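The values are calculated or read from the model by the stated rules, or taken from the named source; none is laboratory data. Treat the numbers as computed from the prediction; the structure is a model and nothing was measured. Backbone-built Cβ (ideal geometry, glycine too); neighbour counts: all protein chains shown. Surface areas here come from the heavy atoms of the whole protein model, side chains and all, with no ligands, DNA or RNA. Shrake-Rupley method; radii C 1.70, N 1.55, O 1.52, S 1.80 Å.
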Amino acid sequence: MNDNGCIHLNNFKAAKGIHPYKIVHAFFVSCTSYEARRYKATSCLCFTCGQPGPRMHSCLHCIYFACYAGHIQDHSKSKKHFLYVDLSYGNIFCAQCQDYIYDRELTEIAMSHRLKEAKSLGISVPFMPWLPNNNEALALRRLRKRRLISPHTTIGLRGLQNLGSTCFMNCIVQTLIHTPLLRDYFLGEKHKCKAQSSGKCLVCEVSKLFQEFYSGAKTPLTLHRLLHLIWTHARHLAGYEQQDAHEFFIATLDVLHRHCMNGVEDTEKKENGRCNCIIDQIFTGGLQSDVVCTSCSGVSTTIDPFWDISLDVAGPGSLQACLERFTRAEHLGSAAKIKCSNCRVYRESTKQLTLETLPIVASFHLKRFEHSSQIDRKISAFVSFPAELDMTPFMSSHRRAVDVGATDNNNAPEGVFEDNRYSLFAVVNHLGSLDAGHYTAYVRQMKGSWFKCDDHMITRASLREVLDSEGYLLFYHKTVLEYECDVS
Amino acid sequence: MNTIVSELSMNDLNNKFFEIMQNEGNAEEAANFIYDSIFDDVTLGFMFEFHHGLKTGLTDLIEGEKEEEDGYKIVNSPECDVFGFSIMKKTPDSNCSCPNCERPVSATRFAPHLEKCMGMGRNSSRIASRRIASNSREPTSYAGLLSDDDDDADWAGGSLQSERRKRRIKNNNNRKPNKLHNGNNRNNGNQNSDSNDGSATYETMTANEKKNLLLQICGVVSEHTKKLCTRSTRCPQHTEEQRRALRNTVLEPSTPESQTIGLTAEEAGSPPDSSPSSSCSSSSRKRDRHRAVPKIKNKRERNMSPNGRE
């Protein structure tokens, strides 16, 4: 990679250093302070024609602003000031090379100024294209071959050996491996572990698994170490009789979440009181519960984190109907009085659950298994689920707006511009009866490319086949990802 | 729009702005100007990114050369899976090394082996007691006292073992069935529900031995056999109260330790509070929510647990 500017820029840097660029950039490209913004607003006009453009540039040799419609070129020629800076992005034009040139050192200054600017404005970190560091550039040069994920190859697919009724684990592992954001995290080698190579960290084990899935090997994998790690750290699973894929999923997230802490300092662990590990970033949402006292109409609101939503399947015929019922206000009745903080006595109340924040991966658990003292049974009721799901109707903000009847645009609820669309990417199915059942999973390898995972057997599947399956655990991924809003 | 002279003060700029915006035509022109500027800026940003990639060689570096795909092509055949393995054929079994006991175990029987090996399932007590005995720092003290019965049949190979298994199945049939965890009626071939295999008594042990032992096993003394229970400290046969009471009597003189031991079992099983709980939409959850966040641990009681394949 060649980002060492040009001979002319290097001569300039040798004579005057990087200071001129730093000043121009901090004041007139990325304004790192209020003062700088004032300067830019009042002085960035062409010194020749007085217009604010097109494409303002600043001379790097002297204080001179001019537009690219000829005036900056005139200045450059007449004064023999051959380097000038574009004021939108901070790139340098060399009049002797007749092209924009790129210098690593100056690019890094520009990046740091852009972060400072965002911080001073209190806005989110701007998009910046990825730049490899020296080692990464070296590795990219040495290893020229690129393995691409395509709908025609088995890269990213791998069968999993059944270790004796461990299809519940295989299905959850297939789901996790095919979670797009988790894949990016692990293939990007983002997990830096303190307990590395101790063999005790589940996150490291999953990291190795990703390498295995993308290695191109075809033989089924044996997940004995993974099972051992999860059972060691989630003792409440109490052995392999506890074979519910849903419970295993939650336990696995819990162990992963705890082991993510292996890599971080104590001080970084929690930001604003909430965990920032990759598991929580992807899977945690906030469930809001509003309890309204029927006597004084006082509302008590609590928000609890959740990793998945369990839905009753008796009655509704679709996932949306299940969610609609889940978020409906419910009268708690006289048998379940709750102490009202206003009235200070136990009152009847209504209660409503809504989604306050949505996770990136929305996991739904259809409660198909009923265990009571009298009878254990499986409910095979048909529940249709869509390939694309809009979660907006189940959000707290939306419900609030519906309740006050704010249908006109002037009263638009907060977050109305948020995109809450989700796409289905994995479905875990339970086949057969309660005591002689089997789990299989459908996973989406890439858009429109589905596979059925039945332990060691991976076969192609159609979206139709996936949507027609019974469905036990449904996994949806957010379609559009926003940039991180927190500025720390 | 009027030509603006450079080096305006902020005040001038504000005044000028309001003056110009009075005119509706100007306002529209300004809006268009802002839109065009933003559009130009975004376009320029894209052009710069592209130019930067080409000029510095970054694009070429990232793209590299596409790897030959022939070796990884998906096999499209109704008789094969995507890798080209026949769907009729069973996968060949392989051995894996158990991370717990480091012995080779047949992969297809690994889960039932691990359950017992880790001392988690209902068949675990003998293995657990053997492990405790062999791992103990004072191997002479109670190792001999505990049951050192025959092994389980998971270890790869051995026809003698299958003989033993048959014998056990026979034995089991005469017994009352165990308390089932999930209505799972599987016959593992070597169910042995009697947890009181150990013939040790606390009288013969030193205080240190007792303490060590009770850190690892349940230890409650059976009313019928007068033997101590060698299951894990979370064994379901005995309650937490029984365990605590036993520790209080056995470890009488050293009260602080006995309390810690009594607590470990509870603490070990409960997930940390920082973990979000799995939400359960049943009506019981709705009633519970405002009192306490349901914990994963509690969930098991009302959780729906289907069983996997045999």
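Some values worked out for this structure:
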read-out	value
Proportion of all alpha-carbon pairs of segment A:1-129 beyond 25 Å (%)	23 percent
Mean accessible surface per residue for chain A, computed with a 1.4 Å probe while every protein chain stays in place, in Å²	45 Å²
Alpha-carbon centroids, segment A:294-355 and segment A:113-158: separation in whole Å	44 Å
Expected 222 nm ellipticity per residue - DSSP helices of 4 or more, -39500 (n - 2.57), all of chain A, to 500	-9000 deg cm²/dmol
Neighbourhood charge, 13 Å Cβ-Cβ cut-off, centred on A:S380 and excluding it, Lys, Arg +1 and Asp, Glu -1	+2
In Å², nearest 10: area of A:K452 left accessible to a 1.4 Å probe	60 Å²
Buried area at the B-A interface (accessible, heavy atoms, 1.4 Å probe, summed, Å²)	9700 Å²
Total formal charge among the other residues, if their Cβ is under 10 angstrom from that of A:H365, Lys/Arg +1 and Asp/Glu -1	-1
Rounded to the nearest 10 Å², the accessible area of A:I7 at probe 1.4 Å	110 Å²
Pairs from A:K116/B:K55; A:K447/B:K73; A:K339/A:K367 whose Cα-Cα separation, in the structure shown, is over 25 Å	A:K116/B:K55; A:K339/A:K367
Under-5 Å amide H pairs with A:T479, H placed in peptide plane, nonlocal only	A:R421, A:Y422, A:S423
Percent carbon-and-sulfur accessible area, segment A:167-265, ignoring ligands, DNA and RNA, probe 1.4 Å	51 percent
Average other protein chain Cβ within 10 Å of Cβ, residues A:300-308	4
Among A:206-212, B:9-15, A:294-300, the order from most to least packed when residues are scored by Cβ within 10 Å on average	A:206-212, A:294-300, B:9-15
Kyte-Doolittle mean at least -1.0, axial Cα span of 20 Å or more - DSSP H helices of chain A	A:104-121, A:245-260
Spatially close lysines, pair count over segment A:167-265: Cα under 22 Å, gap of eight or more or interchain	7
Solvent-accessible area, 1.4 Å probe, carbon plus sulfur percent, for segment A:27-105	54 percent
Spatial separation of Cα centroids for segment A:1-66 and segment B:44-107, in angstrom	47 Å
Karplus-derived 3J(HN,Hα), 6.51/-1.76/1.60, for each residue of segment A:418-426, Hz, glycine and proline x	5, 9, 10, 7, 10, 10, 5, 10, 7
B:E241, A:E470, ranked by accessible area, largest first (probe 1.4 Å)	B:E241, A:E470
Whole-Hz ³J(HN,Hα) from phi, Karplus 6.51 cos²θ - 1.76 cosθ + 1.60, for segment B:209-221, glycine and proline x	4, 4, 4, 4, 5, 6, 6, 10, 10, 4, x, 5, 8
Loop-resident sites, segment A:69-160, for trypsin sites (Lys or Arg not before Pro), counting at most 12 other Cβ within 10 Å (DSSP)	A:K80
Inter-chain Cβ neighbour average for residues B:107-119, partner chain, 10 Å	6
Cα gyration tensor, segment A:167-265 - rounded (a/c under 1.5), prolate or oblate	oblate
